[in-house]
Amino acid sequence: MRFGSVSVDNVDVFVRSVAPMGVVPDMDAAGDDERVNDAVPDREPERSRPTQVSAPPKGFGKAVTLLDVAAHAGVSFKTVSRVVNGEPNVRPETTAKVLVAVDALQYRPNQVARNLRRRRSGFLALLVPHLNQPYFAALASWVSHAAKAYGRTLIIEETSADPEQEAEVLDALASRLVDGVIFSPLVTTRDVLRSRMMAMPIVTVGEHFEPEEGDHVAIDNVGAADAVTEHVLASGRRRIAVIGREPGEGTGGQRWAGVIRAHDRRGLTADPDLAVPVTYYGRAEGAEAMGHLLSRAPEIDAVICFSDLLAVGALRTLREHGVSVPGDVAVSGFDDIEETRFTAPRLTTVSPDIERLATEAVRLLVRRVENPQVPPQHVRVPFTLAIRGSTDAAQP
């Protein structure tokens, strides 16, 4: 057993040489005390010596700092800091020298340290009531894409539309290193939200209410419901039912206001007895509500559902009762989820610009994080009416 010394990238390494298994070493090359066949019971076998590596050269593996860049470029630390942070009033030739040094030394900024100095984490949060609903899943995806475009990382929390959970999650996020929150509230009151906005930047999305004190992004729900109701009325339908009405100024209340406005414009009256409330905008609730409508108002000739999932459930009940769509009853929804393209017939629906909604929400939140004193903005994103076979037999 012998040891030799080699040099690898200026680091001395001691290598232990061991004979391969089953190979008898050359006895002539072995020392007098290295006998293969001589047993020496009172002598312990030689122990393996560990590989020894000398200390690396000074500075080996050390992170490059702004001081290193400054020394390499021959300028001051402050000048390098201004160039790296994109600050103005630096001469072009000086900027060029600094950038050459940055490239030569492969300088990479420590983003964690930078965020801590600025009291920022680079994390944004999104709070939604139900991630198992396609609309909110799509919203989360688009918000994540928009956050990445701003160099932020997104944390997603589900509140289950529970007032205690909504408040608890907001409080928990305020105590963590989260720069701000995009919040889709369903049950949080104005007073609770106002108090949380004092603790951290919050942008609300959706139609629960429009806080005067904060940034808000939503579609025009009254206008959207007006548009789909007008489409149904224009086809000659007059006994129009609604699934998803709710009291107050939330989503269902705003959409019911749009249904009323479309009727009023034609000198007609929207029948409140044909507006069925639900506890959840899901398929099962839509199917059950449709069953109630058919049992007590079989003469209805259209149903406007305030979500696509409600409409999918309604279609199932109509089919089970042998009701033709759109021949006997026209059906429409809201949100334009992917499933609407695969129903039979395909579902007419209000299609909000979710990508634009997400982009605007992230823009407003980053803006408020950077400057908490900016005045609040309320943004309305566009929608379109996707007319399909569930209201118009001529459509595919």
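The values are calculated or read from the model by the stated rules, or taken from the named source; none is laboratory data. It should be emphasised that the depicted structure is a prediction, and the values quoted were computed from it without experimental measurement. Note that we place each Cβ from the backbone using ideal geometry, even for glycine, and neighbour counts take in every protein chain shown.
Couple of notes before you dig in:
- If only residues of segment 199-211 that are at pLDDT 80 or above and in a loop (DSSP other than H, G, I, E, B) are counted, the one that is farthest from GLY258 (Cα to Cα) is MET200.
- For segment 370-386, the count of residues that are at pLDDT below 95, in a helix (DSSP H, G or I), buried (at least 16 other Cβ atoms within 10 Å of the Cβ) and not assigned by TED's automatic domain parsing to the domain that holds ASP271 is zero.
- Of all residues in segment 116-158, those satisfying the criterion of being touching a Phe, Trp or Tyr at 6+ places or on another chain (Cβ under 9 Å) and among the hydroxyl-bearing types (Ser, Thr, Tyr) are TYR135, THR153.
- Residue in segment 227-251 that is surrounded by the fewest Cβ atoms within 10 Å (Cβ to Cβ), counting only those that are within 30 Å of the chain's Cα centre (by Cα) and modelled with pLDDT of 95 or more: ALA227
- Selection within segment 78-94 - at pLDDT 85 or above and surrounded by fewer than 14 Cβ atoms within 10 Å (Cβ to Cβ): LYS78, ARG91, GLU93
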